Amino acid sequence: ASVITWTYQRLYMTIAYCNEILRECTEDKLKGRGLWDKMGRECATYRAEARFLRAYCYSMLCDFFGNVS
């Protein structure tokens, strides 16, 4: 039973990390921190990867545990 709990928690933790990346990796926030020139080109890629991983985790949650929304 603990493996099931860990799987559930790990998927939701990954979703939370992805949401944090999406919140913090925006043009305005990176410019405000002086990082846009260094990371601006990569920001769109990071955001796309975070959205993909978040969707994948939700699909895994639905497969394993049913309707989790």
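The values are calculated or read from the model by the stated rules, or taken from the named source; none is laboratory data. Small disclaimer: the values here were computed from a predicted structure and weren't measured. We place every Cβ from the backbone using ideal geometry, glycine too, and count neighbours over all the protein chains shown. These area figures cover heavy atoms from the full protein model, side chains too; ligands, DNA and RNA do not enter into them. Shrake-Rupley method; radii C 1.70, N 1.55, O 1.52, S 1.80 Å.
Just to confirm the filter: which trypsin sites (Lys or Arg not before Pro) across the chain are DSSP coil and have at most 14 other Cβ within 10 angstrom of their Cβ?
When the trypsin sites (Lys or Arg not before Pro) of the chain are filtered for loop state and at most 14 Cβ neighbours within 10 Å, 33 remain.
Compute the angle between helix 2-24 and the longest alpha-carbon principal axis of the chain, please, reported from 0 to 90 degrees and rounded to the nearest 10.
Between helix and principal axis, roughly 20 degrees.
May I ask for the angle, rounded to the nearest 10°, between helix 36-65 and the longest principal axis of the chain, with both axes built from Cα atoms and the value confined to 0 to 90°?
10
At 1.4 Å probe size, put 14, 45 in order of accessible surface, largest to smallest.
The ranking, largest first, comes out as 45, 14.
If you place +1 on the Cβ of every Lys and Arg, -1 on the Cβ of every Asp and Glu, and leave all else neutral, what size is the dipole of the chain about its Cα centre, to the nearest 20 Debye?
Computed charge dipole of the chain: roughly 120 debye.
Which of (1) 2.20; (2) 1.10; (3) 1.37 is the computed Cα Rg over 2.2 N^0.38 Å for the structure on display?
Structure-derived value, by its label: (3).
Can you sort 36, 6 by 1.4 Å-probe accessible area, starting with the largest?
Numbers: 36 70, 6 155 Å².
So the residues, ranked largest to smallest area, are 6, 36.
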